[in-house]
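Novice: For reference, the structure I am asking about is given below.
We did not get these values from a lab; they are worked out from the coordinates using the rules stated. The model shown is predicted, which means the values in this text are computed figures rather than measured ones. Please note: Cβ atoms are built from the backbone with ideal geometry, for glycine as well, and neighbour counts cover all protein chains shown.
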Amino acid sequence: MRSRQRMFAAVMRLLLKCLRLGRRRRFKLVRQVEQLWHYGHLCLCSLLYNSFTNGDVVLDSLFEPVYWLVDHVTRWFGVVFVALVIGLTSSVVAIVYICLLPLILQTYTPAWICWHLAYGHWNLIMIVFHYYMAITTSPGHPPQAKNDLTGISICRKCIAPKPARTHHCSICNRCVLKMDHHCPWLNNCVGHYNHRYFFSFCLFMTMGCIYCSISGWEMFRDAYAAIERMKLLEKERLQVAANQTYYQTPPPTFSFRQRAFHKSVVYLWVLCSSVALALGALTLWHAALITRGETSIERHINRKERQRLQKKGKVSTAHSMGAGWGRARCDVPLPVLQVFRNPYSYGSWDNWKVFLGVDVPRHWLTRVLLPSPHLPHGTGLSWDLPPCVMEQRTPLLAI
């Protein structure tokens, strides 16, 4: 009897030990899972943490697949866009020579004929020259050797020296000196060595389209009215043909040459007017950037830097958008009047002289109004004071 009691007690003690051991193991497993969860959460937060993260960074991350698709489509369709520019421009020139020029020579006075011939051919030469130079001139790339330059950063994508104002083009997969943007209509990047060619092409193309739109306005109205008459007569001809007898004849219609002439004039005016509006807006935008001495990428960077410094109270919000190098006139003490300035700006007029390469007054004729393949100031690796800028004032606050 006692042996049975002892055995039962031993079994009960063993059972209680197993229950306590299972409970401890279960609690230990739960604690391990909680520790792993907290550790993973901490790792995820540490990987995603960034003091500069804001709404723009989140949107850029969400649109990264779209950017990748656009980059690859632009890379492959660049040749198509260039062919489209050449084809449309050639069609306009062909219409002017075949349809409009004979009419001008027959109806205009000698003075107006000389004006149209001189201005039209000068504008055409400037368009062809600057477009050819823009698509064939390399924008400039930094050297790959790290010992050639000092005090520069390293590009994270191509692991190469990255001088000031240099940015990486995801389409060309290379760093570009003073990069403005990648233009699909050029199938080339717009950078240090071809920025002037790109802007000049946009300017002269806009001027040419405005010239064609204004000069051809009366012809466009007449051609549009003639096309409407063609449609009306065609409708009447079909009605007469339906009820025609042997002795009736249909009304006269326009010939194929007349139809082609009127439709070509309408096509020319609509195309030139559309290009003038779209390209004119782009030209004005780049003209404003050149006036401020910055590129499209630098405008975005300067705006972000200005906002960051304003939040920290290091720049004045009232004068942060001011232009020029002079001091702001106000009664507030000097430390409060710090203004964010672009360090590569020399003033509006000097910025244009530096951009166009105008060193002496005669360069306005030889380098601006006439085709000129002269190189821009500097090498794009360092930004010293250009010779056309007589005096440089230190900005109050710059990056």
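Novice: Rounded to the nearest 0.05, what FRET efficiency do Y119 and S274 give with R0 = 25 Å and r taken as the Cβ-Cβ distance? Could you check?
Specialist: It comes to 0.70.
Novice: Here is a further query. What is the gain in length, in nm to one decimal, between R292 and M12 on full extension, counting 0.36 nm per residue of separation less the C-alpha to C-alpha distance?
Specialist: Extending this stretch completely gives an extra 91.8 nm.
Novice: How many nm separate the modelled label positions at L370 and R75, each set 7 Å beyond the Cα in the direction of the Cβ?
Specialist: 4.3
Novice: Right, here's the next one. Determine the gain in length on full extension of the stretch V389-L42; use 0.36 nm per residue of separation and subtract their C-alpha separation, reporting nm with one decimal.
Specialist: Fully extending the segment from V389 to L42 adds 119.5 nm.
Novice: Working out 0.36 nm times the residue gap between R362 and M230, then minus their Cα-Cα distance, what length gain in nm do you get to one decimal?
Specialist: Computed gain between R362 and M230 is 42.1 nm.
Novice: Something else about it: Order these peptides, 351-364, 208-221, by their mean beta-carbon neighbour count within 10 angstrom, highest first.
Specialist: 208-221, 351-364
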